[in-house]
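Below is one structure, written out as structure tokens, with a few remarks after it.
Values quoted throughout were computed directly from the atomic coordinates according to the rules given, and no laboratory measurement underlies them. This structure is a prediction, so every number in the text was calculated from the model and none was measured. Quick reminder, even Gly has a Cβ in these numbers, built from the backbone with ideal geometry, and neighbours come from all protein chains shown.
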Amino acid sequence: MRISVSAGYWSSGPPPGAQQLFEAAEQAGVDQIWTAEAYGSDAWTPLAWWGSRTTRIKLGTAVSQLSARPPVTLAMTAMTMDHLTQGRVLLGIGTSNPQVVEGWYGQPYPRPLERTREYIDIVRKVVARTEPVSYDGKHYQLPLSPEHGGTGLGKPLRSILHPYRTEIPIYLGAEGPKNVALAAEIAAMPPFGLALAKRAVNQCEDLMGLRPGMDSVFGLHHVAHAHNAETGAYSLAGMDARSMKKASG
């Protein structure tokens, strides 16, 4: 088991102390830190900005919303960040909800499980870069065919950028038995340990046995952190690097 922290959502401005949280988590030995997005700030810009001050901790999105970016755009973003961080990106993906998708992005919200599966399929194809990407799904088509409004001039393409890693860990933000089961099937782990409802945590525990090697992360949300001016050391929720290591086993 590993320990993670979340920088939380933005409201009218950045979360207070977010930069210090990144620094504290880095020094305290926390394995992962996550940023979020709803319908204001995005998750990737603060992750890159604050994460640029780190060298060790893994950097993740909890979550990057499907409707905010086409799957190829998300794959491009993750591949670029993976190079800049030397392989420390964790790709958290989620569908959000009809209020945000229809009200903010002006997009339909059809069959979220089916759409999530297709979305992740395309992301993985782009990142793997084994061949030009083509996909004929119910929700996504690459290239766009004339039957779906294309000109017929599009050809399958392969990323110009070579991946730092051919597989970037994908985490699925999920709640509810069907979504959790999908996460257990296709993602690095069932839904995040970042402020999950208790029933979702129980579902995760039930599903951990479905696939060997699934990830297990204990998440701390809105964690207090402190800085010792004399030693230069940071601690999180009263835990320093030594106690963090002990807690993570």
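On a full-extension model of 0.36 nm per residue, what is the gain between Glu185 and Tyr105, subtracting their alpha-carbon distance, rounded to one decimal in nm?
Details: separation 80, 0.36 × 80 = 28.80 nm, distance 2.81 nm.
That pair, Glu185 and Tyr105, stretches by 26.0 nm at full extension.
Distance check, please: which entries in Lys58/Lys125; Lys155/Lys178; Lys58/Lys138; Lys58/Lys155 exceed 26 angstrom between their Cα atoms?
Cα-Cα > 26 Å for Lys155/Lys178; Lys58/Lys138; Lys58/Lys155; rest within.
Tell me which trypsin sites (Lys or Arg not before Pro) from segment 85-194 have a DSSP coil assignment and no more than 16 other beta carbons within 10 Å of their own. Can you show the working numbers first?
Details: sites: Arg88, Arg115, Arg117, Arg124, Lys125, Arg129, Lys138, Arg158, Arg165, Lys178; in loops: Arg88, Arg129, Lys138, Arg158, Arg165.
Passing both the DSSP loop test and the Cβ count: Lys138, Arg158, Arg165.
With N set to the number of residues, divide the alpha-carbon radius of gyration of segment 98-161 by 2.2 N^0.38 Å and report two decimals.
Details: Rg = 13.6 Å, N = 64, 2.2 N^0.38 = 10.7 Å.
Normalised Cα radius of gyration, segment 98-161: 1.27.
Within segment 20-67, which trypsin sites (Lys or Arg not before Pro) sit in a loop by DSSP and count at most 15 neighbouring Cβ atoms inside 10 Å? Kindly include the intermediate steps, with their values, before the conclusion.
Details: sites: Arg53, Arg56, Lys58; in loops: Arg53, Arg56.
Those satisfying the criteria are Arg53, Arg56.
Which GluC sites (Glu not before Pro) in segment 110-195 sit in a loop by DSSP (not H, G, I, E or B) and have at most 11 other Cβ atoms within 10 Å of their own Cβ?
On the way: sites: Glu114, Glu118, Glu147, Glu167, Glu175, Glu185; in loops: Glu167, Glu175.
Taking segment 110-195 and a limit of 11 other Cβ atoms within 10 Å, the loop GluC sites (Glu not before Pro) found are Glu167.
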